[in-house]
Each structure stands twice: as structure tokens, then as C-alpha cells.
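What follows is a single structure, written as C-alpha cells, with notes after it.
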């Protein structure tokens with residue numbers, strides 16, 4: 001397949017108009033008050049759980065494990081004050097760190113701390129978190145782990161430099177290249193790769209190139225006349241978005 005060889009080589013309706021004016025400006029205040037109340041409830045609940053955890057000295061007890069699992073679940077889903085996230089991050093149990101790493105409300109500095117976790121699954125979850133900063137993703141990309149590079153490449157905040165670095169790794173590593181093939185074709189700035197892939201017989205490969213905003217307009221124009229209607233549609237949409 002040419003492409004793998006190339007990889008080896010290189011609402012208009014205004015609803016508020018139907019509501020009393022008082023509610024139009026009252027609602028945000030109500031929502032903010034409800035949000036703060038929820039935060040307070042979450043913190044109180046976690047406080048009780050942490051107290052229970054401190055009391056349960058037996059590291060292997062089923063009760064302790066249940067408490068840790070409950071805290072981890074809360075850390076993944078609850079909206080908490082920043083200082084609470086930071087406090088939870090000091091607890092070494094992987095279930096709690098994993099929960100924090102999945103929570104999109106976790107502060108960036110806590111995500112950066114979790115990226116240094118000894119548990120590779122916590123690192124995976126940091127890489128998959130939509131709010132992880134680009135500099136943290138760049139740091140994770142330097143770790144020699146294929147799946148971690150896979151998650152970092154697919155993350156929305158990954159910088160262009162980090163994407164290019166992972167692409168170079170994929171050109172040298174056939175397994176990583178196979179894992180990331182379609183993702184690379186959707187994002188790469190590598191013009192030779194884009195050109196070769198645009199001529200592939202596999203419509204799925206051409207479809208990826210057709211959705212790549214870095215593809216030259218000449219290649220997108222050609223793909224807009226592709227025999228596969230999905231490729232045509234994707235290329236036309238990409239051309240539209242480039243203008």
C-alpha cells in the first residue's frame with residue numbers, strides 16, 4: 001500500500017422574548033447560586049469520605065477499597081472548588097487520580113501534576129481530557145509509549161509541533177503508523193504524504209485527506225470530483241471552511 005510505504009519513508013428564535021423581563025436577568029444569578037450550593041454539597045460529601053478513609057487503617061479492607069472507589073467516582077464527575085481538586089491530587093490511590101484525570105473541571109495545574117503519575121492509565125486519561133493544556137500534552141508525547149502518543153495525537157489541544165513530532169515517530173514505527181494512519185491523514189501538514197494518500201485506491205484513505213484542512217486546494221478540488229460521494233462531500237466541506 002503506497003501510503004504505508006510513504007509513512008516508512010517520511011437558533012434564530014429568541015425564547016427570552018416570551019419570558020417576563022425579570023427572569024431574563026434573574027436566571028444567571030439563580031444558576032450561579034445553585035452551582036455554588038452544589039459545590040458546597042460536593043465538598044461536604046467528599047469531606048466525610050476523606051474522614052472515613054483516614055479512619056480506615058487497614059489498607060486491604062473491603063471498606064477502604066469501597067471508600068476509595070466512591071471518592072474516585074466523585075472526583076471524576078463532581079464540580080468542585082479548585083483547592084479541593086488540588087487536595088485530592090495529593091492522595092496516591094490510582095482510582096482517585098484516575099477520576100481527577102477524567103474530570104474536565106480539573107484545573108490545568110492539577111492535570112499537569114497527574115501527568116507525572118507512575119500509573120500509565122492515569123497518563124492516558126490526562127491525554128484524553130479535553131481541557132489538558134498543550135504543554136502538558138507535549139510532555140506526554142515524549143514518553144516512549146505507543147498508546148500514549150496515539151491519545152496525544154488525537155487530543156484537540158495538541159500543538160502543531162507536537163503533532164509533527166508524533167508523525168515522525170509514526171514514520172519510524174510501523175505499529176504506531178498503523179494505529180494513527182487515518183488520524184494523521186486528517187491532520188498532517190506533510191504535503192508529500194497528503195499527495196500520495198489522495199491517490200490511494202482505498203476510499204477511506206481519500207476521505208481522510210478530503211477532510212484535512214492542510215491539504216492544498218488543488219488536491220481538494222480533485223477530491224471534490226471523486227467517484228465516492230462521501231469523499232466529494234468531505235472535500236467540498238473542507239474547501240468551504242477554508243474560505
Item to check | Unique match (being modelled with pLDDT under 85, closer than 30 Å to residue 178 by Cα and surrounded by 12 or more Cβ atoms within 10 Å (Cβ to Cβ)) among 114, 7 | outcome: 7
Checklist entry - With (1) part of a helix (DSSP H, G or I); (2) within 30 Å of residue 237 (Cβ to Cβ); (3) touching a helix residue (DSSP H, G or I) at 6+ places or on another chain (Cβ under 8 Å) as the list, and residue 125 as the residue in question, which single condition is left unmet? => result (2)
Next on the checklist: If residue 144 meets every condition in (1) part of a loop (DSSP other than H, G, I, E, B); (2) farther than 30 Å from residue 97 by Cβ apart from one, which number is that one?
Outcome noted: (2)
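The values are calculated or read from the model by the stated rules, or taken from the named source; none is laboratory data. If you're wondering where the values come from, they're calculated on a predicted model, not measured in any experiment. Cβ atoms come from the backbone with ideal geometry, glycine included; neighbour counts cover every protein chain shown.
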